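Take a look at the structure below.
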Amino acid sequence: MRPHTREVCAPEIPDLRERVMSRSSNFAVLENFGSAVNSDHLGELDEYVAPASVDHDPAPGQAPGPEGYEEMFATMRRAFPDLHIEVEHVMATDDEIAFAYTITGTHLGELMGYSPTGRTVSYRGMQISRFADGKMVERWGSSDELGMLRQLGFIP
């Protein structure tokens with residue numbers, strides 16, 4: 001008598017490795033983007049942002065695509081030469097990364113028409129970024145700019 005055998009098929013997970021690699025590569029893009037901002041290598045941002053990238057919450061007057069990020073961060077770095085963004089909490093899906101961060105810097109240059117104060121700021125923000133083909137293609141986010149302006153003494 002032959003024992004009853006049943007062929008067991010493992011569930012197909014053909015894209016598990018691809019999804020893990022996608023998350024890993026998206027994290028790398030995000031880390032490289034942050035490193036470029038923190039080290040003032042803003043010309044590298046076009047390596048991490050798609051040309052047709054959409055920022056759903058742009059800074060006033062921010063152009064689309066990598067050029068918009070370069071100019072926006074250049075403006076911030078002129079105002080805060082020691083600008084630093086520290087990512088504190090991260091969550092990810094296959095094509096999106098959500099994270100909370102803290103921005104710090106010393107106000108040593110003009111900002112929105114305000115003269116330098118020499119004051120140090122620390123304020124928080126959150127962002128969701130969507131990735132495709134190894135680049136950021138969409139961004140939603142918000143930083144506590146009101147808190148920054150209060151710390152600088154520009155508003156009560």
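The values are calculated or read from the model by the stated rules, or taken from the named source; none is laboratory data. Since the structure is predicted, the reported quantities are computational estimates derived from the model, not experimental observations. Cβ coordinates were reconstructed from backbone atoms using ideal geometry, including for glycine residues, and neighbour counts include every protein chain displayed. SASA here: full protein model, heavy atoms, side chains in, ligands and nucleic acids out. Shrake-Rupley method; radii C 1.70, N 1.55, O 1.52, S 1.80 Å.
May I ask which residue of L108, A92, S122 lies farthest towards the positive end of the charge dipole of region 92-146, with charges of +1 (Lys, Arg) and -1 (Asp, Glu) on Cβ and the Cα centre as origin?
Positive-end residue among those listed: L108.
With labels modelled as points extended 7 Å from the Cα through the Cβ direction, what inter-label distance (nm, one decimal) is found for H89 paired with L149?
2.6
To check you understand DSSP bridge types, tell me what percent of the beta bridges within the chain (both residues inside) are antiparallel, rounded to 5.
Counting only bridges with both partners in the chain, antiparallel ones make up about 90 percent.
State the percent of C-alpha pairs, over all pairs in the chain, separated by a distance greater than 28 angstrom.
The answer is 30 percent, as a whole percent.
Work out the length of the dipole vector of region 40-96 about its Cα centre, built from +1 on the beta-carbon of each Lys and Arg and -1 on the beta-carbon of each Asp and Glu, and round it to the nearest 20 debye.
320
Using the per-residue mean of other Cβ atoms lying within 10 Å as a proxy for protection, in what order, highest first, do the peptides 143-151, 101-109 fall?
Peptide ranking by packing, descending: 101-109, 143-151.
Roughly speaking, to the nearest percent, how much of region 69-156's 1.4 Å accessible area is carbon and sulfur?
Of the solvent-accessible surface of region 69-156, carbon and sulfur hold 55 percent.
Please give, to one decimal in nm, the separation of the simple spin-label points placed at T120 and N38, each 7 Å out from Cα toward the Cβ.
It works out to 1.7 nm between the two label points.
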